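A.B. asks: Just passing along the structure, written as structure tokens.
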Amino acid sequence: MTDAANDSLTQINSEKLVLIAIRDEGKGIDAEILPRLFTKFATKSNQGTGLGLYIAKSIIEAHGGKIWVNSNIEERGSTFYFTLPLE
């Protein structure tokens, strides 16, 4: 996510989960790739392997968490969220 402003937020809620949100102001994620974004080899780029988000999802889910993304090409930017249990 080069040349884009990045923000992050960490929150602990009453369900004993930590919520992490990471936002950028890049071009957004193409709607065509969103349904398979967290699968192996999901990429529209010639660079990278398309494994990063798949590996992140595997690690987060192995620890009882969840990961998801909201992205809007018209408004630019994406926000990735993940939760992890505190216990």
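The values are calculated or read from the model by the stated rules, or taken from the named source; none is laboratory data. As the structure is a prediction and not an experimental result, all values here were calculated from the model. Cβ: placed from backbone, ideal geometry, glycine included. Neighbour counts: every protein chain shown.
A.B. asks: Criterion first (in contact with a strand residue (DSSP E or B) (Cβ under 7 Å, 6 or more places away or on another chain), at positive phi, at pLDDT 85 or above and part of a loop (DSSP other than H, G, I, E, B)) does Gly50 satisfy it?
C.D. replies: For Gly50, the condition - in contact with a strand residue (DSSP E or B) (Cβ under 7 Å, 6 or more places away or on another chain), at positive phi, at pLDDT 85 or above and part of a loop (DSSP other than H, G, I, E, B) - is not met.
A.B. asks: While we're here: If you check Leu86 against the conditions, is it surrounded by fewer than 16 Cβ atoms within 10 Å (Cβ to Cβ) and in contact (Cβ under 8 Å) with a residue 40 or more places away in the chain? Outline the logic, then answer.
C.D. replies: Working: surrounded by fewer than 16 Cβ atoms within 10 Å (Cβ to Cβ): yes; in contact (Cβ under 8 Å) with a residue 40 or more places away in the chain: yes.
Judged against the criteria, Leu86 is a match.
A.B. asks: When you go through (1) surrounded by 12 or more Cβ atoms within 10 Å (Cβ to Cβ); (2) in a loop (DSSP other than H, G, I, E, B); (3) modelled with pLDDT of 85 or more one by one for Leu19, which number turns out not to apply?
C.D. replies: (2)
A.B. asks: Name the residue, out of Lys40, Lys66, that is out of contact with any Leu (no Cβ under 8 Å at 6 or more places or on another chain), without any contact (Cβ under 8 Å) to a residue 60 or more places away in the chain and not aliphatic (A, V, I, L, M). Talk me through it step by step, then tell me what you get.
C.D. replies: On the way: Lys40 fails: out of contact with any Leu (no Cβ under 8 Å at 6 or more places or on another chain).
After applying the criteria, what remains is Lys66.
A.B. asks: I'm checking my understanding of the structure. Among residues of region 55-83 that are under 10 Å from the mean Cα position of the chain (by Cα) and part of a helix (DSSP H, G or I), which one is surrounded by the most Cβ atoms within 10 Å (Cβ to Cβ)?
C.D. replies: This residue is Lys57.
A.B. asks: Taking the condition of a type in the set (Gly, Ala, Ser) and at pLDDT below 90, does Gly65 pass? Quick ask: steps written out before the conclusion?
C.D. replies: Working: of a type in the set (Gly, Ala, Ser): yes; at pLDDT below 90: no.
It is false that Gly65 is of a type in the set (Gly, Ala, Ser) and at pLDDT below 90.
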